[in-house]
Each structure stands twice: as structure tokens, then as C-alpha cells.
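Working notes, beginning with the structure itself.
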Ligand code: FES
């Protein structure tokens, strides 16, 4: 993730599109000369990778860029759990909840991460974004299989994969990303 310059209550993301993001969007659209609509998901990924989430102005901007209606983009944002409409924490903790990890205790691991970060574990967040710790440092969410089932339970912290995670590992993992 490049930046969290925009927040859900801050300036509109569409007013802050940097040149490199714009260039990447223009390039991505060229891959779909027959149907620009097919560029919807690539553009949403580019947008969220930059801003951390997709606000209403982002939905409208992407729709306009692809000659679509905003609902055509919003329905993707609300369908795919990966996309979020609110800002996550500075460090994003994604706990796998698919079978191998669930059997190895990932539901407990998520709850312990939440409690250690000061997050109410009963709040799932889902499409509006994962629950964020009061200090804004962490957000914790469930994700599906992270493709490392043999070392369950697995947790993705930002872009780092942590395997065989136990409750005892959690303070050390949080400390690694505390600054
Ligand atoms: S089930 Fe968790 S990594 Fe595959």
C-alpha cells in the first residue's frame, strides 16, 4: 500500500490522484480494448493499493473512466470482501479462516490479535472495512486461504506471511509493526 493520505472522512480520493496512479490506470485500460468494463477489477486493485480503501469519489471516478454507472463499480466493491470502503489500520492483519487454518485454531488467533490490539473481536467490519484499533495502528480481518495450508494457522501482516502462529507469537508480531 502506497499511502493512507486520504481517510474516509478526509478529502475526496478522486481529487488526489497522483500521476503514477493515473499512468498505471491508463496502462491497465489498454489491456481491455474490446470491453473497458473488464478493467473494473484491475482499476479497483490499483486504487485500493494506493489509497488503502475506495471511497465514494473513487467509485464514481472509476465508473466515469470506464464509461459505466457508479452502481457497476459499487456492486464489485460490495461483493468482493477484499475491497473496503473505509480506511484500515496502518498495519493490516489478515487471519486465514479456511479449513486447515480454522482447524488449527485461526478463530482463536484472530480473537487474540483483536484483544492484543484493543479491538472488539465481535466486530467483523466486512465490506465497510475491518475494525481498527483505537490508536489507528492495526486492523484485523479474516481472509480466505493464503495458500500455505501446511503451516496453519497462517496470518498475513501487510505483505509478510507468518506461519504456524500461536497465541504466544502475537505480542512479538504486533511489536514488529508497532512503529
Ligand atoms: S487454509 Fe489457511 S492457508 Fe490455506
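Numbers for the structure displayed
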| read-out | value |
| --- | --- |
| Test result for residue 164, assigned to a loop (DSSP other than H, G, I, E, B), exposed (fewer than 15 other Cβ atoms within 10 Å of the Cβ) and within 16 Å of the ligand (Cβ to nearest atom) | yes |
| Meets criteria (assigned to a loop (DSSP other than H, G, I, E, B) and either away from the ligand (no atom under 16 Å from the Cβ) or at positive phi (or both)) for residue 153 | no |
| Counted residues, region 143-164 - those being more than 15 Å from residue 89 (Cβ to Cβ), in contact (Cβ under 8 Å) with a residue 24 or more places away in the chain and touching a helix residue (DSSP H, G or I) at 6+ places or on another chain (Cβ under 7 Å) | 4 |
| Meets criteria (away from the ligand (no atom under 16 Å from the Cβ), surrounded by 19 or more Cβ atoms within 10 Å (Cβ to Cβ) and outside any helix (DSSP H, G or I)) for residue 89 | yes |
| Enumeration of residues in region 134-150 that are outside any strand (DSSP E or B) and either surrounded by 19 or more Cβ atoms within 10 Å (Cβ to Cβ) or within 16 Å of the ligand (Cβ to nearest atom) (or both) | 144, 145, 146, 147, 148, 149, 150 |
| Residue in region 165-172 that is modelled with pLDDT under 90 and either under 23 Å from residue 49 (Cα atoms) or in contact with a helix residue (DSSP H, G or I) (Cβ under 6 Å, 6 or more places away or on another chain) (or both) present | no |
| Among the candidates 98, 78, residue that is touching a residue at least 40 places away in the same chain (Cβ under 8 Å) and away from the ligand (no atom under 16 Å from the Cβ) | 78 |
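The values are calculated or read from the model by the stated rules, or taken from the named source; none is laboratory data. It should be emphasised that the depicted structure is a prediction, and the values quoted were computed from it without experimental measurement. A quick note on method: Cβ atoms are made from the backbone with ideal geometry, for glycine too, and the neighbour counts reach across all protein chains shown.
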